[in-house]
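The values are calculated or read from the model by the stated rules, or taken from the named source; none is laboratory data. This is a predicted model, so every value here is computed, not measured. For neighbour counting, all protein chains shown are included, and Cβ atoms are generated from backbone atoms with ideal geometry for every residue, glycine included.
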């Protein structure tokens, strides 16, 4: 039983160059090598592996043997891995982060997040991303505790000691309920009616929201740390509550939720801020992310009649 040797990366590059260009001479031009060097490299590779990779008989154009075709995918995979390794090392030498921890407020419209992260993957293919979806004060807490290098936070980050921030747009929060909920069925909602029914309230366990309520009207509350769960319970008619308008636009059209016109609780504008620690400025990739969120936020349109949350 024979044991193949270990080919060099240069030999594998020569192999791929011949396959991609179609000839030894063209491979030499591509790699800026003499044809004799190309031939010597392939001969050594075949000797190392104990296999003939190209059929050179009866044609000027070398064609892959069965063994050559079988190995081609593996060789490409190795080549791409080495290229990725070199790109990552170059990025580190140039100051590019190896990894970015990003904390995002759950109120941020999902399509905006997807758009930015899709572009990030194309712009920084060697940078790994850790995404944390949190609510309210948890974003500021994660950045201060160095669990995230940058965050897109709601208004709770404003004025937090140790954080720098940039405005990053806003989203309208509106009260909604299921169509079979008493408030959803009401032809007219009188002042104070919301207090008679359970209000679903988003909460978190960060130190910034301890003992504080935001846009809470009813003394009857169910508190949830997950916005998707709140959305599901609203659709079930369990209670009423505020939701980011982009998230429930489809429900309003389909009739699975109705917007409540409450004279004493009209909703509000939830403003976003890009945040980072003052003593830990973001690197190139994290700064790029912040720039994208800030730029997209400049196009947000605010609904008339809504004050800030």
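Numbers below:
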item	result
Residue list for the range 41-83, filter: part of a helix (DSSP H, G or I), loosely packed, with under 14 Cβ neighbours inside 10 Å and more than 40 Å from the chain's Cα centre (by Cα)	43, 47, 66
Residue match in the range 14-24 (condition: outside any helix (DSSP H, G or I) and touching a helix residue (DSSP H, G or I) at 6+ places or on another chain (Cβ under 7 Å))	no
Given (1) closer than 21 Å to residue 233 by Cα; (2) buried (at least 19 other Cβ atoms within 10 Å of the Cβ); (3) modelled with pLDDT of 90 or more, index of the condition residue 135 fails	(3)
Residue tally, condition out of contact with any strand residue (DSSP E or B) (no Cβ under 7 Å at 6 or more places or on another chain) and either assigned to a strand (DSSP E or B) or more than 17 Å from residue 168 (Cα to Cα) (or both), over the range 128-145	3
Matching residues, the range 231-246, being in a helix (DSSP H, G or I) and either at pLDDT 95 or above or more than 15 Å from residue 268 (Cα to Cα) (or both)	231, 232, 233, 234, 235
Residue 263 at pLDDT 85 or above, surrounded by 14 or more Cβ atoms within 10 Å (Cβ to Cβ) and out of contact with any helix residue (DSSP H, G or I) (no Cβ under 7 Å at 6 or more places or on another chain)	no
Which numbered condition residue 159 misses (of (1) touching a strand residue (DSSP E or B) at 6+ places or on another chain (Cβ under 8 Å); (2) over 23 Å from residue 243 (Cβ atoms); (3) at pLDDT below 90; (4) not in a strand (DSSP E or B))	(1)
Tally of residues being under 30 Å from residue 261 (Cα atoms) and surrounded by 15 or more Cβ atoms within 10 Å (Cβ to Cβ) across the range 281-302	3
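Quick grid of which residues meet (1) closer than 24 Å to residue 254 by Cβ; (2) exposed (fewer than 15 other Cβ atoms within 10 Å of the Cβ); (3) touching a helix residue (DSSP H, G or I) at 6+ places or on another chain (Cβ under 8 Å); (4) free of Cβ contacts under 8 Å to residues at least 60 places away in the same chain:
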| position | (1), (2), (3), (4) |
| --- | --- |
| 150 | no, no, yes, no |
| 154 | no, no, yes, no |
| 163 | no, no, yes, no |
| 175 | yes, no, yes, no |
| 184 | yes, no, no, no |
| 192 | no, yes, no, no |
| 197 | yes, no, yes, yes |
